[in-house]
Every structure is written in structure tokens, then in C-alpha cells.
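These notes are about the structure you will find just below.
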Amino acid sequence: MPIKDHPCFLPPPPNATLWRYIDLGRFLALLSTSSLHFTRSDKFEDKWEGAYTRPTYEELKKAAESIAWNKSTSEYFRRLPEMMKNMMFINSWYESEHESAAMWSLYGNQGSNIAIISDAKRLHDALFNDDVEQSVFCGRVQYLDYEKEVIKLHSAAASHNAFNTFLRKRK
């Protein structure tokens, strides 16, 4: 699975400390298969996963109206984030120098969970494999107020890419 650069993704620095909080079953599976589990994004409990912010949706709607898209194209564009949830597979790590009580409360309440600690370079090196056809992209999540903030793109090449909504989370 080669890790590739993508204009939508701002990767963490190589020395960034990363934490993965998982249950014992997933950890044992990781050890026995030597592979990470990527969850399809429609399986997450967060209903906002992959969603537009309200102001972003309004901007996109105005842009669609200005280029006179027909109604079916506008409907497709509106539903795109929801459709993409079936195609996005995510493995989330928490970037911090320190352990997080909040992460333990989210992922450690069963009493049999563990935290894997790595850094971005070691994770990158572990995932890199030219023999696999799938690609992995690695990037930081940006936290936004979904009622007030527009999804800002850091690159013109990243405009209107389906990944944009998956790299944003509600504050």
C-alpha cells in the first residue's frame, strides 16, 4: 500500500507522535495479519463524517446555479458526500505528545483497550509497500464550526475533491 501525496492532505511532520486507541481484538488482529483495519466511513457513529459545512454547501449551491447545472446534476452534487461514505476507508490516529484522557474515554471504556504509540515516519514506513495496488493518503484533520466556517482549501488542485469533507470534523 504505497502512501502517496495528495493536494487535499496536509501530512503531519515525520517526528509527530501518533496514538492509535483500539480494543484488544483489533490489536490481536493487527499482530496476526500484520495489517491495519480501515473502517468504511459510513460505519462511523458520527453523522457529520464526510459532510459539508452549511456555509460550504451554500457556496457550492451558488456556484452550481451560476453555471446553470440541471436539477439532476445539482441533486447528485448535494448527495455526493453521502455516496462517498461507502467508498472511503479510514484508519484514524491521534496526534499529540501526550496520552489523552478524552481518547481513553471514547475508546478505552471497555477496559480491554490499548494505545499504540508511533510517529508519522514509522507509520509511513510501515504502510509503504509498492507491491499493493491500493493507495493510502495520510493527513491531518481540520476542526471547523459546521454552522459558520467554509471548508478552506490549501491548494487550488484540491478544489472540489471528495476527500475534502473527510478531512474536516466538527469542533
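The values are calculated or read from the model by the stated rules, or taken from the named source; none is laboratory data. This structure is a prediction, so every number in the text was calculated from the model and none was measured. Note that each Cβ is placed from the backbone with ideal geometry, even for glycine, and that neighbours are counted across all protein chains shown. For the accessible areas, the whole protein counts, side chains as well, though only heavy atoms, and no ligand, DNA or RNA atoms are used. Shrake-Rupley method; radii C 1.70, N 1.55, O 1.52, S 1.80 Å.
Of the residues making up the range 46-56, just one is part of a helix (DSSP H, G or I) and either open to solvent by 70 Å² or more (accessible area, probe 1.4 Å) or modelled with pLDDT under 70 (or both), namely Arg54. If only residues of the range 102-141 that are open to solvent by 70 Å² or more (accessible area, probe 1.4 Å) and at pLDDT 90 or above are counted, the one that is farthest from Ala162 (Cα to Cα) is Ile117.
Farther than 30 Å from Phe128 by Cβ and not small (Gly, Ala, Ser): is that true of Tyr21 in this structure? Here the answer is no, as Tyr21 does not meet what is asked.
Considering each residue of the range 76-92, count those that are among the basic types (Lys, Arg) and either more than 15 Å from the chain's Cα centre (by Cα) or at positive phi (or both), and give that number. Summing the residues that are among the basic types (Lys, Arg) and either more than 15 Å from the chain's Cα centre (by Cα) or at positive phi (or both) in the range 76-92 gives 2. Of all residues in the range 142-171, which are part of a loop (DSSP other than H, G, I, E, B), at pLDDT 85 or above and open to solvent by less than 60 Å² (accessible area, probe 1.4 Å)? Those that are part of a loop (DSSP other than H, G, I, E, B), at pLDDT 85 or above and open to solvent by less than 60 Å² (accessible area, probe 1.4 Å): Asp145, Tyr146, Glu149, Val150. Number of residues in the range 1-23 that are under 22 Å from Ala102 (Cβ atoms) and at pLDDT 90 or above equals 8.
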